[in-house]
Amino acid sequence: MRKNMFEGAIEVKKTKIRGCIEHNKHSKEFETYVWEQIKKHTWHTTPCILYLLDAFLFNGHRIKMDSSFEELEEQILFPLVEHLRKKKGQ
């Protein structure tokens with residue numbers, strides 16, 4: 001019997017993304033960019049990100065979760081925002 005490839009998933013809410021963006025003092029335009037990238041990434045009605053152990057996949061990239069945050073959602077969203085910032089060149 002084959003097991004699931006991922007441990008779980010988090011639903012991504014726009015308000016949580018906004019919180020990460022504001023915490024890192026990024027622009028409103030960058031928030032829009034991040035949200036659009038997340039919506040493109042998922043096939044679900046509500047965007048979600050699949051994770052396994054200490055990392056998650058986003059558009060073919062394995063991104064390590066940040067264990068300095070307590071909440072699983074923050075462990076994923078903050079590194080995701082940073083990944084997209086670097087990708088965009090900001």
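The values are calculated or read from the model by the stated rules, or taken from the named source; none is laboratory data. Just so we're clear, the structure is a prediction, and the values are computed from it rather than from any experiment. Neighbour counts run over all protein chains shown; Cβ positions are idealised from the backbone, glycine included. Surface accessibility is based on the protein's heavy atoms, side chains included, excluding ligands, DNA and RNA. Shrake-Rupley method; radii C 1.70, N 1.55, O 1.52, S 1.80 Å.
Taking the C-alpha atoms only, the angle from helix 72-88 to the longest principal axis of the chain is near 60 degrees. Inter-part distance, the stretch 45-63 to the stretch 13-42, computed on C-alpha centroids, equals 16 Å. Of all lysines in the structure, the ones whose alpha carbon falls short of 30 Å from that of Lys25, not counting any fewer than 8 places away in one chain, are Lys13, Lys14, Lys16, Lys39, Lys40, Lys64, Lys86, Lys87, Lys88. In a reduced charge model with +1 at each Lys and Arg Cβ and -1 at each Asp and Glu Cβ, the chain shows a dipole moment near 440 debye about its Cα centre. The calculated 222 nm mean residue ellipticity attributable to helices in the chain amounts to -14500 deg cm²/dmol, summing -39500 (n - 2.57) over DSSP H runs of n ≥ 4 and dividing by all residues.
Surface composition of the chain: carbon plus sulfur atoms hold 51% of the accessible area, using a 1.4 angstrom probe and ignoring ligands, DNA and RNA. Computing Rg and Dmax of the Cα atoms in Å directly from the structure and comparing it against (1) 12.2, 40; (2) 12.9, 47; (3) 13.3, 39 singles out (2). Using a 7 Å offset from Cα along Cα-Cβ at Leu52, what residues in the stretch 64-89 end up with backbone N under 16 Å from the label point? Once the point is set 7 Å along Cα→Cβ of Leu52, 64-65 turn out to lie under 16 Å by backbone N, inside the stretch 64-89. Rounded to the nearest 10 degrees, the inclination of helix 28-41 to the longest alpha-carbon principal axis of the chain is 20 degrees. Using the heavy atoms of the protein chains alone and a 1.4 angstrom probe, what is the accessible area of the chain per residue in square angstrom? Heavy-atom SASA per residue in the chain reads 68 Å². 3J(HN,Hα) couplings calculated from phi for the stretch 48-54 with the Karplus curve 6.51 cos²θ - 1.76 cosθ + 1.60 (θ = phi - 60°) are, in sequence order, 9, 10, 8, 9, 8, 6, 10 Hz; Gly and Pro show x. Toward the positive end of the charge dipole of the stretch 23-90, about the Cα centre and with charges on Cβ (Lys, Arg +1; Asp, Glu -1), which of Gln75, His61, His23 goes farthest? Positive-end residue among those listed: His61. Annotation: amide H-H contacts under 5 Å for Val12 (H modelled 1.01 Å from N, sequence separation of 5 or more, or interchain): Cys48, Ile49.
Which residues in the stretch 10-50 have a backbone N closer than 16 Å to a point placed 7 Å from the Cα of Ser68 along the Cα-to-Cβ line? 20-21, 23-25, by backbone N distance to the label point.
Local charge sum around His83 (other residues, Cβ-Cβ under 12 Å, Lys/Arg +1, Asp/Glu -1)? Spelling it out: positives minus negatives among the neighbours equals +4.
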